[in-house]
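Here is the structure we will look at, set down as structure tokens.
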Amino acid sequence: MQVNNDIKTVNNLLEPQQWVNKYADYLYAYAFSRTNDEEQSRDLVQETFLAALQGISKFEGRSSESTWLTAILKNKIIDVYRKKSSGLNKRKEVEDAEFEQHDFFDQEDGHWNVAYRPKSFGIEHEDPILNKEFIRFLQMCMQKLPTLWLSVFTMKHMDDESTKTICDELNVTPANFWVIIHRTKVNLRACLQKNWK
Amino acid sequence: MNRLKKIAYNCKKATFLIEKKQIGTITLREKIELKIHLSGCVICRIFQQQSILINRTVKNLFQLPQYKTMKLEDDFKKELQQRIDKEIKKTL
């Protein structure tokens, strides 16, 4: 009896037969906006649906079907971040970016070095989302960041995750988190300035 | 050099505080230090404006039409649908 009831409840709330039709494009775009990788995004959508099917009995109906599926996808994206930023490349990538960092500020007194001083973009008071060129450069510059930095940056600024969650999931200390947040922004801004003419 | 004077001239520290202030909390002392720095440093004021601009843009990135109109290929969807149908049959 219990089993029948469970299936009935689940069937009322979840319609897995409709998932591809209703959510595949949305989840694909969501994954792509966070990974910038088409093939990976396709895999993530598939993994999300399969994981959701396996966990169907755990769905309690507290959130909507789409919110529930997005949450599963989010966790899968974090797994990707973790894998990508923990390999052999991680140290090298971060070292390169940190070396570049020395140039931004004078090592002695922390002044901006002349070549890297921020200059106005001339659009500081516009709605940046309307500026296609700015968006294009921003996305390009984000892709140049070391994977760990981009993961921290995206989780914080796109997904508004708590600092604690980010530190736990990506295995960084709170002190290191703030260093990454700072360095990422200085790098990103400098990259924008270099391309913005 | 005392501590206040040090931050008043230290752009690296000031930009760090600008970042921390936007997404976390900084102490009252740090707030005052930053205010003093920014009142005298036009370069870091530009940095702050642009940092806010970048954060605001990234926050709204997913709302862009380029993501809203993204579609998976039909073939991939068809295969995915078949796979899901198969899985559903297995569990029932």
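The values are calculated or read from the model by the stated rules, or taken from the named source; none is laboratory data. As the structure is a computational prediction, the values presented were derived from the model and not from experiment. Using ideal geometry, Cβ is built from the backbone for each residue, glycine included, and neighbour counts are taken over all protein chains shown. The protein model used for the area step is the full one, side chains on, heavy atoms only, and it has no ligands, DNA or RNA in it. Shrake-Rupley method; radii C 1.70, N 1.55, O 1.52, S 1.80 Å.
Yes/no matrix, rows are residues, columns are (1) at the interface with another protein chain (Cβ under 7 Å from one of its Cβ atoms); (2) at pLDDT 95 or above; (3) over 30 Å from residue A:18 (Cα atoms):
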{"residue": "B:38", "(1), (2), (3)": "no, yes, yes"}
{"residue": "B:45", "(1), (2), (3)": "no, yes, yes"}
{"residue": "B:50", "(1), (2), (3)": "yes, yes, yes"}
{"residue": "B:60", "(1), (2), (3)": "yes, no, no"}
{"residue": "B:76", "(1), (2), (3)": "yes, yes, no"}
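Quick check on my filter: what residues within segment B:68-88 are open to solvent by 60 Å² or more (accessible area, probe 1.4 Å), outside any helix (DSSP H, G or I) and not β-branched (Val, Ile, Thr)?
B:71, B:73
For segment A:105-131, enumerate the residues that are in contact with a Phe, Trp or Tyr (Cβ under 8 Å, 6 or more places away or on another chain) and touching a residue at least 60 places away in the same chain (Cβ under 8 Å).
Across segment A:105-131, the qualifying residues are A:116, A:118, A:121.
Being in contact with a Ser or Thr (Cβ under 7 Å, 6 or more places away or on another chain), within 8 Å of chain B (Cβ to nearest Cβ), assigned to a helix (DSSP H, G or I) and at pLDDT 90 or above narrows it down to one residue among A:148, A:188, A:138; which is it?
Numbers: A:148 fails: within 8 Å of chain B (Cβ to nearest Cβ); A:188 fails: in contact with a Ser or Thr (Cβ under 7 Å, 6 or more places away or on another chain).
Just one listed residue meets the conditions, A:138.
Being of a type outside the set (A, V, I, L, M, F, W, C) and either modelled with pLDDT of 95 or more or in a helix (DSSP H, G or I) (or both) is the filter here, so list the residues in segment A:33-47 that pass it.
Within segment A:33-47, the first condition is being of a type outside the set (A, V, I, L, M, F, W, C), and the residues that meet it are A:33-43, A:46-47.
Correct list: A:33, A:34, A:35, A:38, A:39, A:40, A:41, A:42, A:43, A:46, A:47.
Check whether at least one residue in segment A:9-25 is within 11 Å of chain B (Cβ to nearest Cβ), at pLDDT 90 or above, crowded, with 17+ Cβ neighbours inside 10 Å and under 14 Å from the mean Cα position of the chain (by Cα), and report yes or no.
no
Residue check: is residue B:47 closer than 20 Å to residue A:181 by Cβ, of a type outside the set (Ser, Thr, Tyr), crowded, with 16+ Cβ neighbours inside 10 Å and touching a Pro at 6+ places or on another chain (Cβ under 7 Å)?
Details: closer than 20 Å to residue A:181 by Cβ: yes; of a type outside the set (Ser, Thr, Tyr): yes; crowded, with 16+ Cβ neighbours inside 10 Å: yes; touching a Pro at 6+ places or on another chain (Cβ under 7 Å): yes.
Yes, satisfied.
I'd like the full set of residues that are away from every other protein chain (no Cβ under 11 Å), in a helix (DSSP H, G or I) and open to solvent by 50 Å² or more (accessible area, probe 1.4 Å), limited to segment A:48-70.
Matches in segment A:48-70: A:58, A:67.
Would you tally the residues in segment B:15-34 being open to solvent by 70 Å² or more (accessible area, probe 1.4 Å), more than 20 Å from residue B:55 (Cβ to Cβ) and among the charged types (D, E, K, R)?
So the count comes out to 1.
Considering only residues that are free of Cβ contacts under 8 Å to residues at least 60 places away in the same chain and at the interface with another protein chain (Cβ under 9 Å from one of its Cβ atoms), which ones fall in segment A:151-176? I'd like the intermediate steps shown before the answer.
Initially, segment A:151-176 is screened for residues free of Cβ contacts under 8 Å to residues at least 60 places away in the same chain, giving A:152-153, A:156-157, A:160-168, A:172-176.
Residues satisfying the conditions are A:153, A:156, A:157, A:160, A:163.
Could you say whether any residue in segment A:80-88 is exposed (fewer than 15 other Cβ atoms within 10 Å of the Cβ) and either modelled with pLDDT of 95 or more or among the aliphatic types (A, V, I, L, M) (or both)?
yes
Please work out which one of (1) within 24 Å of residue A:136 (Cβ to Cβ); (2) modelled with pLDDT of 90 or more; (3) aliphatic (A, V, I, L, M); (4) open to solvent by less than 30 Å² (accessible area, probe 1.4 Å) is the condition residue B:64 fails and give its number.
Exception for residue B:64: condition (2).
Is it the case that residue B:2 is open to solvent by less than 70 Å² (accessible area, probe 1.4 Å) and modelled with pLDDT under 95?
Spelling it out, it is not the case that residue B:2 is open to solvent by less than 70 Å² (accessible area, probe 1.4 Å) and modelled with pLDDT under 95.
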